[in-house]
Amino acid sequence: MWPAHPHHGGAGDNCPSRSPGGTPRHFVDDLAGAFAEVARVLRPGGRFVLGIGDPDLMRRARMLTDNGFRIRPVAELESALDGAGLPLRNHERVAHSGLGFHLLVSGK
């Protein structure tokens, strides 16, 4: 998710045209900084897709809340993406077997 993270080596500006986002966002303290880094390396016209479980459902799962997951409201993630220069293009809600998921599609 964070191709230019200092522990994983750097990535140049405007590299990937698509980048998926997943679980690491639950453990990031500086969400704005992380999304700013995604915006830095994402190529103009590129997309960043953040897939998340429904926060209301996730808050009920003790295995998540007891293990340090930061379960953020969808609006907070949308705001952080926008603030990093990754405006939301689409927000899809997907439900399967009683579980809710969100796909936040943003880009440059």
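The values are calculated or read from the model by the stated rules, or taken from the named source; none is laboratory data. Quick caveat: nothing in here was measured; it's all calculated off a predicted structure. Positions of Cβ are backbone-derived with ideal geometry, glycine not excepted, and every protein chain shown enters the neighbour counts.
Considering segment 54-84, and only residues there that are loosely packed, with under 12 Cβ neighbours inside 10 Å and among the aliphatic types (A, V, I, L, M), the residue that is nearest to the chain's Cα centre (by Cα) turns out to be 75. The number of residues in segment 85-100 that are loosely packed, with under 15 Cβ neighbours inside 10 Å, more than 13 Å from the chain's Cα centre (by Cα) and of a type outside the set (Lys, Arg) comes to 8.
Out of segment 31-53, which residues are touching a residue at least 60 places away in the same chain (Cβ under 8 Å) and over 12 Å from the mean Cα position of the chain (by Cα)? If the condition is that a residue be touching a residue at least 60 places away in the same chain (Cβ under 8 Å) and over 12 Å from the mean Cα position of the chain (by Cα), then 42, 43, 44, 45, 46 are the ones that fit. Of the residues making up segment 87-108, those that are farther than 11 Å from residue 54 by Cα and at pLDDT 90 or above number 10.
Would you confirm whether any residue within segment 75-84 is acidic (Asp, Glu) and modelled with pLDDT under 85?
To start, the set of residues in segment 75-84 that are acidic (Asp, Glu) comprises 76, 78, 82.
Next, from what is left, pick out any that are modelled with pLDDT under 85: none.
No, because not a single residue in segment 75-84 is acidic (Asp, Glu) and modelled with pLDDT under 85.
Consider segment 29-53 and keep the residues that are more than 17 Å from residue 85 (Cα to Cα) and crowded, with 17+ Cβ neighbours inside 10 Å. The one that is modelled with the highest pLDDT is 52. Of all residues in segment 57-75, which are out of contact with any helix residue (DSSP H, G or I) (no Cβ under 8 Å at 6 or more places or on another chain) and touching a residue at least 24 places away in the same chain (Cβ under 8 Å)? Selection gives 57 alone.
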